[in-house]
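Asks: Shown below is the structure under consideration.
The values are calculated or read from the model by the stated rules, or taken from the named source; none is laboratory data. Please read these numbers as outputs of a predicted model, since none were measured by experiment. When we count neighbours, we look across all protein chains shown, and the Cβ atoms used for this are built from the backbone with ideal geometry, even at glycine. The area values use the complete protein model at the heavy-atom level, side chains included, leaving out ligands, DNA and RNA. Shrake-Rupley method; radii C 1.70, N 1.55, O 1.52, S 1.80 Å.
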Amino acid sequence: MNMQRSEFLLLVTLAAAATPPALGQTVAVAAGAASTQEAASIPDLSGTWWHPSLPGFEPPVSGPGPVTNISRRRGVSNYDQLVGDYTNPILKPETAEIVKKFGELSLKGVTFPSPANQCWPEPVPYIYKNFATQIFQHPDRITIIYEQDHEVRHVRLNQPHPAHVTPSWYGDSVAHYEGDTLVIDTLGTRTDRPFPMIDLYGTPYSEKLHVVERYRLLDYEDAKEGLERDAKENQRPPVGIDRNYRGKHLQLQFTVEDPGVFTMPWTATITYGRGSNDWPETVCAENIREYYNNKDSDVPRADKPDF
């Protein structure tokens, strides 16, 4: 039986739609597809959002989750002792040993060096430790800034990753909207850097690191579950945030995949609220204090002026 061309094209389209892409697979966007999405349907994620929680990640309700702190104080993570749970099944044996060694240093009172306390760019998802973030939405890109050192991420909209990604501080990030959700896909984070870690427990990553972020707005009643998980895990200093805010919250659900260091993908969330609109000036500067030795460096000093 002869098939009309229009029927054939319809069957091809339906078959393609029925096959979901695998994790990490780049989905080609038809020319002009993004431009046809009505502006009114794109969620307004812009503005200043706050998540003052330490160390930061909200473990998932179930399933593989991030490394958490063994050291607790008043039931929550003890930020003065960052002792990662090296028994977490997401960790390969060699990865677990690294986390264990960092934890042993912290138990001895050593503040080991990290991107944050040594003023280096913070990779995704380490960068979520920042208390405040701002999102700027443009027709062709998303810009995200974080308050410590005003770190900036540039995310291209409706474009694929290049065939050969050039590694960079924050990786190559591309995004698209799925209904009311902004989805960001990041590959190519530099590994040839000091303090290559993705959390405050020293968990390393490899060149295979792949992070998928999903941002969406939630009513307060729907955001409560994430806020409660945050309160059970993290210290929550009253900085910038309005804990009585009952408007829309921004929840980031992210998935981390890195077969170089992890046995499986894992997920976590960050639930942002509103608060101060003032942008804090949190800047790293030259400092003779050695965080990792808890002492000042031995620098040349003059007992009296030489002039």
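Asks: If Rh is defined by the Kirkwood formula over all Cα pairs and Rg also comes from Cα, what ratio Rg/Rh do you get for segment 33-160?
Replies: Over the Cα atoms of segment 33-160, Rg/Rh equals 1.05.
Asks: Sticking with this one: Just how large is the dipole of segment 97-233 about the Cα centre, in debye to the nearest 20, putting +1 at every Lys and Arg Cβ and -1 at every Asp and Glu Cβ?
Replies: 480
Asks: Taking a ≥ b ≥ c as the square roots of the Cα gyration tensor eigenvalues, with a/c under 1.5 meaning rounded and otherwise prolate when a/b beats b/c, else oblate, which class fits segment 94-136? Present the calculation step by step, with values, prior to reporting the outcome.
Replies: Working: a/c = 2.88, a/b = 1.98, b/c = 1.45.
Here segment 94-136 falls in the prolate category.
Asks: Placing +1 at every Lys and Arg Cβ and -1 at every Asp and Glu Cβ, with all other atoms neutral, what dipole size does segment 186-307 have around its Cα centre, in debye to the nearest 20?
Replies: Working: 17 positive and 22 negative charges, 61 e Å.
With only Lys, Arg, Asp and Glu charged at Cβ, the dipole is about 300 debye.
Asks: Report, to the nearest whole %, how much of the accessible area of segment 44-177 belongs to carbon and sulfur atoms, 1.4 Å probe, protein only.
Replies: 57
Asks: Another one. Shape verdict for segment 167-261, please, from the Cα gyration tensor: rounded (a/c under 1.5), prolate (a/b greater than b/c) or oblate.
Replies: On the way: a/c = 2.57, a/b = 1.54, b/c = 1.67.
It is oblate, given that a/c is not under 1.5 and a/b is not larger than b/c.
Asks: Can I ask one more? For segment 53-115, run through the trypsin sites (Lys or Arg not before Pro) and keep only the ones in DSSP coil with at most 11 other Cβ atoms within 10 Å of their Cβ.
Replies: Here the sparse-neighbourhood loop sites are R74, K108.
Asks: Please work out how much accessible surface Y79 shows to a 1.4 Å probe, ignoring ligands, DNA and RNA, in Å² rounded to 10.
Replies: Rounded to the nearest 10, the figure is 80 Å².
Asks: List the pairs from K108/K304; K100/K208; K224/K295; K129/K224; K129/K248 whose alpha-carbon separation is above 32 Å, in the order I gave them.
Replies: In this structure, K108/K304; K224/K295 lie more than 32 Å apart at Cα.
Asks: In whole Hz, with x marking every Gly and Pro, tabulate ³J(HN,Hα) for segment 92-102 from phi via Karplus 6.51 cos²θ - 1.76 cosθ + 1.60, θ = phi - 60°.
Replies: 5, x, 5, 5, 4, 5, 5, 4, 4, 5, 5
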